[in-house]
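I have placed the structure first, in the form of structure tokens, so that the comments after it can refer back to it.
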Amino acid sequence: MAGIRGTNTRPEMLMRHGLHGRGFRYRLHVSYLPGKPDMVLARHHAVVLVNGCFWHGHDCHLFRWPGSRRDFWKQKITRNRARDIEVQNALAADGWRVLVIWECALKGRGKRPLEDVVREAAAWLKKKSGRFHEIKGLAHARS
């Protein structure tokens with residue numbers, strides 16, 4: 001588990017390249033904002049969080065509770081979920097719009113075409129309305 005990166009993950013890189021290709025400019029992992037968002041788009045007063053489904057306990061086919069050390073993982077994932085809510089609320093309180101892109105939208109059997117995910121993210125960023133938006137994998141992917 002120690003070898004798993006927290007920044008520059010494949011889903012994050014896909015979104016960075018896709019949004020940059022559409023003309024969006026951003027700063028990475030801004031340390032003075034709550035949660036050090038993956039991308040900060042100051043012009044759009046928005047942040048983008050690219051969340052891994054396992055680490056953030058997303059209810060999709062990519063998340064499964066580990067079989068060993070159940071108490072440890074239950075506590076860890078539950079705390080991660082609570083921290084996500086705290087960070088999103090703090091960002092919103094500071095006036096930031098929050099876009100969460102889940103790993104399952106870009107990976108696994110429920111993945112959507114990359115261009116569709118980038119298009120939806122770009123449309124939301126340009127719209128400049130709505131405080132919070134999530135992009136998830138296909139609904140029928142959960143079994």
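What the table shows:
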quantity: For the stretch 12-27, 3J(HN,Hα) per residue [Karplus equation, 6.51 cos²θ - 1.76 cosθ + 1.60, θ = phi - 60°, Hz, x = Gly/Pro]; calculated: 5, 5, 4, 5, 4, 5, x, 5, 4, x, 8, x, 7, 10, 8, 10
quantity: Antiparallel content of DSSP bridges confined to the stretch 12-143, in %, to 5; calculated: 35
quantity: Amide H contacts under 5 Å for residue 134, placed H, 5+ residues apart; calculated: 100
quantity: The chain - Cys residues lacking any other Cys C-beta under 4.7 Å; calculated: 53
quantity: Under Karplus coefficients 6.51, -1.76 and 1.60, residue-wise ³J(HN,Hα) of the stretch 78-86 in Hz, glycine/proline x; calculated: 4, 5, 4, 4, 5, 5, 4, 5, 4
quantity: Listed residue pairs exceeding 29 Å between alpha carbons, taken from 74/111; 74/128; 76/107; 36/76; 76/126; calculated: 74/128; 76/126
quantity: Sequence-distant residues sharing a close amide H with residue 46 (under 5 Å, placed H); calculated: 41, 97
quantity: Nearest-20 debye value, the stretch 1-126 charge dipole, Cβ charges on Lys, Arg, Asp, Glu; calculated: 260
quantity: Per-residue [θ]222 nm for the chain (sum of -39500 (n - 2.57) over DSSP H runs n ≥ 4, rounded to 500); calculated: -11500 deg cm²/dmol
quantity: Shape category assigned to the stretch 1-90 from the gyration tensor of Cα positions, a/c cut at 1.5; calculated: prolate
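Values in this text are rule-based calculations from the coordinates and carry no lab data. From a predicted model like this one, the values you see are computed outputs, not experimental measurements. FYI the Cβ positions are ideal-geometry reconstructions off the backbone, even for glycines, and counts take in every protein chain you see.
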